[in-house]
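Report on the structure given below.
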Amino acid sequence: MKEIQHIDTQRLVLASQSPRRKDLLEEAGVLIDIIPSHADEILPEGVDPAGCAIALGRLKARDVAESHPDRWVLGADTIVVVDDMILGKPASGDDANRMLRLLSGRAHQVCTGFCLLNASLDREICDVVVTDVTFKALSEAEISWYIDTGEPFDKAGAYGIQGKGASLVREIKGSYTNVVGLPVCEVVEHLKAIDLVEFR
Ligand SMILES: Cc1cn([C@H]2C[C@H](O)[C@@H](COP(=O)(O)OP(=O)(O)OP(=O)(O)O)O2)c(=O)[nH]c1=O
């Protein structure tokens, strides 16, 4: 059977508590150890949204690399951008309602910034992928129903395209896995470039 082979006997360290990132990498055949970052996610000032997503991904990777300097560490951050406004995770039901109203009936961008780093090799590779997502127009009843599912609360922009949130999405242009939390194609390309995995 054709599969991804790990050249290095070391597994990749995923600096994330996100079950989505774990599943996406494991489904792609990438072997990982999970060591979540506890760094405070503070948005840098004067940086565009794509740069913010990279900066937060780098922050998480660096935080975990401090205690695992000999490993390749992957940190990532997903944000939703509408009208140059960055939407992270909603703080409350009202906040989720505000975000979903903002997204209703129009297009927005989902940016996932990620950073692969190995401290002892002094190597750091950062990248960002942007996906355009268009929501259908949402009624107040649909927004309330969706908030009541509980899905919005641990997700940027207050929705999950991989769950019941799929029924809110009219169109997507670009990487689907990027919206779910990690652009698998681009991440695996970088893993190949650093000789951590290859296709055989
Ligand atoms: C837009 C969107 C986001 N998300 C999720 C992906 C991320 O887990 C989350 C954004 O929060 P992040 O801060 O990127 O990640 P996290 O806090 O879940 O995990 P960690 O910081 O430990 O890596 O939103 C979806 O699951 N589906 C979607 O459609």
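The values are calculated or read from the model by the stated rules, or taken from the named source; none is laboratory data. Being a predicted model, the structure only gives us computed values, none of them experimental. Every residue, glycine among them, receives a Cβ derived from its backbone with ideal geometry; neighbour counts consider all protein chains shown. We work out accessible area using only protein heavy atoms, side chains counted, and drop any ligands, DNA or RNA first. Shrake-Rupley method; radii C 1.70, N 1.55, O 1.52, S 1.80 Å.
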Over segment 75-116, with neighbouring protein chains present, the accessible area per residue in Å² at probe 1.4 Å is 36 Å²
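Using the Cα centre of segment 4-199 as the reference point, and only Cβ charges (+1 on K/R, -1 on D/E), how large is the resulting charge dipole? Debye, rounded to the nearest 20. Mind dumping the intermediate values first?
Numbers: 19 positive and 31 negative charges, 83 e Å.
That gives segment 4-199 a dipole magnitude of about 400 debye.
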Which value does Rg/Rh take for the chain over its C-alpha atoms, Rh per Kirkwood?
0.99
Determine the distance separating the Cα centre of segment 29-59 from the Cα centre of segment 79-158; give it in Å without decimals.
14 Å
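Grab the eigenvalues of the alpha-carbon gyration tensor for segment 106-200, scale each by 5, take roots, and send me the semi-axes largest first in whole angstrom. If you can, show how the numbers build up before the last one.
Details: eigenvalues 219, 36, 25 Å².
Semi-axes from the Cα gyration tensor: 33, 13, 11 Å.
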At each listed q (0.17, 0.22, 0.24, 0.25 Å⁻¹), what is the log10 of I(q)/I(0) that the Debye formula gives for segment 48-148 modelled as equal alpha-carbon point scatterers?
-0.78, -1.02, -1.12, -1.17
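Hey, any idea what % of the chain's accessible area is carbon plus sulfur with a 1.4 Å probe? Working shown, then result.
Values: 4750 of 9750 Å².
Accessible surface attributable to carbon and sulfur in the chain totals 49 percent.
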Once the in-chain neighbours fewer than 8 apart are removed, the lysines whose Cα is under 20 Å from LYS60 read LYS22, LYS89, LYS155
Have a look at the DSSP beta bridges in the chain and tell me what percent are antiparallel, nearest 5.
85 percent
Please report the equivalent ellipsoid semi-axes of segment 89-154, computed as sqrt(5 x eigenvalue) of the Cα gyration tensor, largest first, in whole Å.
34, 15, 7
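How big is the antiparallel share of DSSP beta bridges in segment 1-97, given as a percent to the nearest 5?
Values: 3 of 8 bridges.
Given both bridge residues lie in segment 1-97, the antiparallel proportion sits at roughly 40 percent.
In Å², what does the accessible area per residue of segment 139-200 work out to with a 1.4 Å probe?
On the way: 2960 Å² over 62 residues.
I get 48 Å² per residue for segment 139-200.
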No Cys partner within the rule (Cβ under 4.7 Å), the chain:
CYS52, CYS111, CYS185
Give the aspartates and glutamates whose C-alpha is closer than 12 Å to that of LYS192, dropping any in the same chain fewer than 8 places away, or say none.
ASP8
